[in-house]
Amino acid sequence: MNSADVFIDGKWVRPSSGATLDTVAPSTGKKIGTIARGTAQDIDLAVQAARRAFEGPWGQMAAVDRGRLLSRLGQKILEHEDELTALEALDTGKALKLARNDVKAAARYFEFYGGAADKLHGETIPFLSGYQVMILREPRGVTGHIIPWNYPAQMFGRTLGPALAAGNAAVLKPAEEACLSCIRLTELAAEIGFPDGTINLVPGLGEEAGAALSSHDGIDLISFTGSPEVGVLIQKSAAENHVPCVLELGGKSPQIVFADADHTKAIETIVAALVQNTGQTCSAGSRVLIERSIYDDFMVQLTRRFKQLRTGAHDLDLDCGPVISKVQQERVLGFLERAEKDGVQIAAQGTVDPSSSADGYFVPPTLYRMVPRDHELALEEVFGPVLAAIPFDDEADAIRLANGTDYGLIAGVWTDSGARQMRLAKAIRAGQVYVNGYGAGGGIELPFGGFKKSGHGREKGFEALREFTVAKTVVFNHG
Ligand code: NAI
Ligand code: MG
């Protein structure tokens, strides 16, 4: 195979246009490879191949055998851990230690869902006398998957693991900015021996291959992770074909610190949950809400810790790497410039390592103090290493603030009071709430997804298997 091929019906082939896209290393801005510029025609062929697999050998396969294939892929990913780690770090710019975690997580997804494949049971329902009712959980059929560039390897496992475990055949359109690990993972999957057409990979541009997938009338469900704006486009085009969507669209997740919390522990976690992947994480804790009585003290400690943060090329393995692209760098720097113009004050900035290439897409980690509640830094997703600190008055005020954005993905609550922990966990409108911790997306086992503009539907854990299946009611009148 050639990295600029598409994978359709079990074969690596040139995209129908023959066109390619360059892909660059964010640490240097230099070209590191070419990928396919997949077309609507490629997407159409991929959807048809997936349909044949679903109606043929893949759809007929026993759940236990499907599970075995997925588990073997998980194992194979671990056997290639070093290679995949280096590739993911180079392609995304993320620090090596983080890339390694991502590769392990990708393997875990296939292990988890490999084990779950034969544990997806239906139900029976007590009904009228003389009747027996069964609820079958059936796969949707052909699933379309559009994923972003921030965690390509993890997203590959997160979206394909449950879809395949449930018995669907899949077409994946990875992000044009970073998809080398997805190409390599597809190659590993091909070596495992999934039936042709079970997994199809069509790299390309969002507005071309992505739009062709989300508007295709041959898919039965679309799973998308990315920006809210594109999420709207996806839903509109899927609506034309009555195709349901699972959407994960980011957040402005709060870390809420009360006076009685363990501050030292909170600070370590808050900083880690922000700088992870240089802030380019949908579940980044990008707002820290601090009880007013401890605001000044807490900020002294947080500032001290923030100043220690270091940014540099992926292979230096520092706290932060570059952001993904020139476009993203300009987007993040735009937030910093507007904040300066609006008089929002910087409390602390980390440093960019002097060895960093001037052509890399670096942004210093930045902590803002006393951010006004109506400022964009308090409301909008920056998707960069930027943390907004905001004081609150009391518990009711904290809840109001926590729920006061258009998003609702995850939240962290830092307090020793058990009753308050429970009240906040219930009051916060977010798909995950952490108490005295913060999972930045959490484990593979934990259902994950949004309220409001953060999206709908749930991924991870057994919830994802519910999304990728549909209930069918069968009623027997046996007299
Ligand atoms: P995006 O939403 O444009 O890209 C995500 C995926 O959607 C990519 O695979 C892309 O090719 C595809 N796509 C783009 N336009 C499409 C279309 N018209 N039809 C179908 N698919 C399409 O995100 P982008 O431009 O990379 O980043 C912009 C902002 O979005 C970021 O700054 C961040 O705030 C947010 N974002 C959130 C993510 C999350 O994990 N929730 C991931 C990536 C971006
Ligand atoms: Mg875009």
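Within region 391-410, track down each residue that is more than 16 Å from ligand 1 (Cβ to nearest atom) and buried (at least 24 other Cβ atoms within 10 Å of the Cβ).
ALA398, ALA402
For region 187-210, check the following and say yes or no: at least one residue is more than 21 Å from the chain's Cα centre (by Cα) and within 16 Å of ligand 1 (Cβ to nearest atom).
Checked region 187-210: at least one residue is more than 21 Å from the chain's Cα centre (by Cα) and within 16 Å of ligand 1 (Cβ to nearest atom).
Cβ-Cβ distance below 8 Å, separation of 6 or more or different chains: which pairs start in region 314-338 with a residue that is within 11 Å of ligand 1 (Cβ to nearest atom) and end on one that is of a type in the set (S, T, N, Q)?
Between residues of region 314-338 that are within 11 Å of ligand 1 (Cβ to nearest atom) and residues that are of a type in the set (S, T, N, Q), the close pairs are VAL323/THR278; VAL323/GLN280; VAL323/GLN329; ILE324/THR92; ILE324/ASN150; ILE324/GLN280; GLN328/GLN280.
Between residues in region 194-207 that are modelled with pLDDT of 95 or more and residues that are surrounded by fewer than 24 Cβ atoms within 10 Å (Cβ to Cβ) and basic (Lys, Arg), which pairs lie under 6 Å by C-beta distance while being six or more apart or on different chains?
Every condition considered, the pairs that remain are GLY197/ARG52; GLY204/ARG37.
Could you list all residues from region 232-245 that are more than 16 Å from ligand 2 (Cβ to nearest atom) and part of a helix (DSSP H, G or I)?
Selection gives ALA238, ALA239, GLU240.
Only one residue in GLY443, GLY437, GLY450 is assigned to a loop (DSSP other than H, G, I, E, B), surrounded by fewer than 22 Cβ atoms within 10 Å (Cβ to Cβ) and modelled with pLDDT of 95 or more, so which one is that?
Going through GLY443, GLY437, GLY450 in turn, just one is assigned to a loop (DSSP other than H, G, I, E, B), surrounded by fewer than 22 Cβ atoms within 10 Å (Cβ to Cβ) and modelled with pLDDT of 95 or more: GLY437.
Restrict the check to region 106-124 and report whether at least one residue is modelled with pLDDT of 95 or more and farther than 22 Å from LEU70 by Cβ.
Yes.
Which ones in region 262-290 are under 15 Å from the mean Cα position of the chain (by Cα), of a type in the set (Ser, Thr, Tyr) and over 23 Å from ARG429 (Cα atoms)?
Of everything in region 262-290, just one residue is under 15 Å from the mean Cα position of the chain (by Cα), of a type in the set (Ser, Thr, Tyr) and over 23 Å from ARG429 (Cα atoms), namely THR278.
Where residues in region 246-270 are crowded, with 23+ Cβ neighbours inside 10 Å and assigned to a helix (DSSP H, G or I), which of them is nearest to ligand 2 (Cβ to nearest atom)?
So the residue we want is ILE270.
Need at least 3 residues that are acidic (Asp, Glu) per element, so show me which helices (runs of 4 or more DSSP H) inside region 28-129 make the cut, counting only ones lying wholly within it.
So the answer is 40-55, 81-92.
Considering only region 454-473, I want to know if a residue exists there that is out of contact with any strand residue (DSSP E or B) (no Cβ under 9 Å at 6 or more places or on another chain), within 30 Å of PHE54 (Cα to Cα) and open to solvent by less than 40 Å² (accessible area, probe 1.4 Å).
No, there is no match, as no residue in region 454-473 is out of contact with any strand residue (DSSP E or B) (no Cβ under 9 Å at 6 or more places or on another chain), within 30 Å of PHE54 (Cα to Cα) and open to solvent by less than 40 Å² (accessible area, probe 1.4 Å).
THR366 is checked against (1) in contact (Cβ under 8 Å) with a residue 40 or more places away in the chain; (2) in contact with a strand residue (DSSP E or B) (Cβ under 8 Å, 6 or more places away or on another chain); (3) not charged (D, E, K, R) and fails just one. What number does that condition carry?
That leaves (1) as the condition not met.
Can you give me the number of residues within region 121-157 that are open to solvent by 50 Å² or more (accessible area, probe 1.4 Å) and not basic (Lys, Arg)?
13
Being surrounded by fewer than 24 Cβ atoms within 10 Å (Cβ to Cβ) and of a type in the set (Val, Ile, Thr) is the filter; apply it to region 211-245 and report the residue that is farthest from ligand 1 (Cβ to nearest atom).
Checking each candidate, the answer is VAL243.
Evaluate the following for ARG420: is it open to solvent by 20 Å² or more (accessible area, probe 1.4 Å), outside any loop (DSSP other than H, G, I, E, B) and in contact (Cβ under 8 Å) with a residue 12 or more places away in the chain?
Yes; evaluated as a whole, the condition is true for this residue.
Looking at VAL332, VAL371, can you tell me which residue is β-branched (Val, Ile, Thr) and touching a strand residue (DSSP E or B) at 6+ places or on another chain (Cβ under 6 Å)?
VAL371
Please count how many residues of region 364-407 are in a loop (DSSP other than H, G, I, E, B), of a type in the set (Val, Ile, Thr) and more than 21 Å from the chain's Cα centre (by Cα).
Result for region 364-407: 1.
Report, ordered by the first and then the second residue, all pairs with beta carbons closer than 6 Å, sequence separation of six or more or different chains, a first member in region 226-241 that is modelled with pLDDT of 95 or more, and a second member that is among the aliphatic types (A, V, I, L, M) and within 10 Å of ligand 1 (Cβ to nearest atom).
PRO228/LEU249; GLY231/LEU247; GLY231/LEU249; ALA238/ILE222
Could you figure out which of (1) without any contact (Cβ under 8 Å) to a residue 40 or more places away in the chain; (2) assigned to a strand (DSSP E or B) isn't true of VAL413?
Failing condition for VAL413: (1).
Look at THR85 and say whether it is at pLDDT 95 or above, away from ligand 1 (no atom under 16 Å from the Cβ), open to solvent by less than 10 Å² (accessible area, probe 1.4 Å) and farther than 22 Å from LEU465 by Cα.
yes
Within region 63-82, which residues are touching a residue at least 40 places away in the same chain (Cβ under 8 Å) and open to solvent by 10 Å² or more (accessible area, probe 1.4 Å)?
Listed by number, the residues that qualify are ALA63, VAL64, ARG66, ARG68, LEU69, SER71, ARG72, LYS76, HIS80.
The values are calculated or read from the model by the stated rules, or taken from the named source; none is laboratory data. In this text, all values refer to a predicted model and were calculated from it rather than measured experimentally. Virtual Cβ from ideal backbone geometry, glycine too; neighbours counted across all protein chains shown. Please note that ligands, DNA and RNA were not included when accessible areas were found on the heavy atoms of the full protein model with its side chains. Shrake-Rupley method; radii C 1.70, N 1.55, O 1.52, S 1.80 Å.
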